[in-house]
Amino acid sequence: MKYAHLWILPVWLLLSGFNFPNEKKFLAQKAVNIEVFDAAGNSFELFTLLGKKPLIISPVYTRCHSLCGVISNGVQTAITGLGSLGKDFTMVSFSFDSSDKPMNLAAYENRWKMDGINWKTISASAENIQQFMSSIDYQYDYDPATKEFNHPSVLIVLTPGGKISRYIYGINPSKKDIKLAVMEAMAEKTRPGIIKGFYLRCFGYDPVLKTYTIDWRFIISTSAGLLMISLISILFIRSFIVTKDQHG
């Protein structure tokens, strides 16, 4: 059961019926900078939220009675566990329902205890929503019978420059995936330190499983290299000590 999530996600992707983002085409592409508004009714450009940190976007709509609540609960659990919201990244729940008004956004923020700064709910006009969603290849449709939207559960990670760095799938995104995706996105701005850089290099993104997995090849080769360096260093030091004693 330890690795159950490794096969649950691919099965969920196959059975969901949604057209998921074309990663080969859209990764590293720049998202469209549109005018949005927040729960207070303030209008601004989306990219003003980027600053020096990556931005994670969670597409939802506030009057959803099914999946959106599950998505936001999963996101809240993950980022609360990380404890780095506002420090390493910022977050927005983006409503793709053009009928959502500031009061709807405010109610959604209150429901999920967002601070309205590092994590807020925003939306835009119908035209701007369509432009932005097309630029990140997020596909959804409206069902007149249920009066609800059909949509996938995907987080989109943007670099500080506004490029799509990673898609994170599922209703319960893992802390590890978010942490690594943020580190990758931040690499556009600054190089990670030795420890963070090594940690990031120990994992690789698996396009089939849609998650980060341990890169055993790198770990084994690096460990072998470090072992060789250690052995050579020990032999050198011992040789130096013996030579010194002989001359002493």
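The values are calculated or read from the model by the stated rules, or taken from the named source; none is laboratory data. Keep in mind that this is a model prediction, so the values were computed, not measured. Ideal geometry is used to build each Cβ from the backbone, glycine not excepted, and the neighbour counts take in all protein chains shown. When the accessible area is computed, the model is the full protein with side chains, heavy atoms only, and any ligands, DNA or RNA have been set aside. Shrake-Rupley method; radii C 1.70, N 1.55, O 1.52, S 1.80 Å.
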- Query: Across the stretch 112-132, what is the number of residues that are open to solvent by 30 Å² or more (accessible area, probe 1.4 Å) and out of contact with any helix residue (DSSP H, G or I) (no Cβ under 8 Å at 6 or more places or on another chain)?
  - Reply: 9
- Message: Looking only at the stretch 112-141, how many residues end up being over 20 Å from residue 34 (Cβ atoms) and aromatic (Phe, Trp, Tyr)?
- Response: 1
- Message: Can you list the strands (runs of 3 or more DSSP E) lying wholly within the stretch 46-155 that have 3 or more residues being in contact with an Asp or Glu (Cβ under 9 Å, 6 or more places away or on another chain) and over 17 Å from residue 166 (Cα atoms)?
- Response: 119-122
- Item | Hits in the stretch 71-111 (condition: open to solvent by 20 Å² or more (accessible area, probe 1.4 Å), under 13 Å from residue 39 (Cβ atoms) and acidic (Asp, Glu)) | 109
- Query: Which one of 18, 26, 44 is at pLDDT 90 or above and within 28 Å of residue 111 (Cα to Cα)?
  - Reply: 44
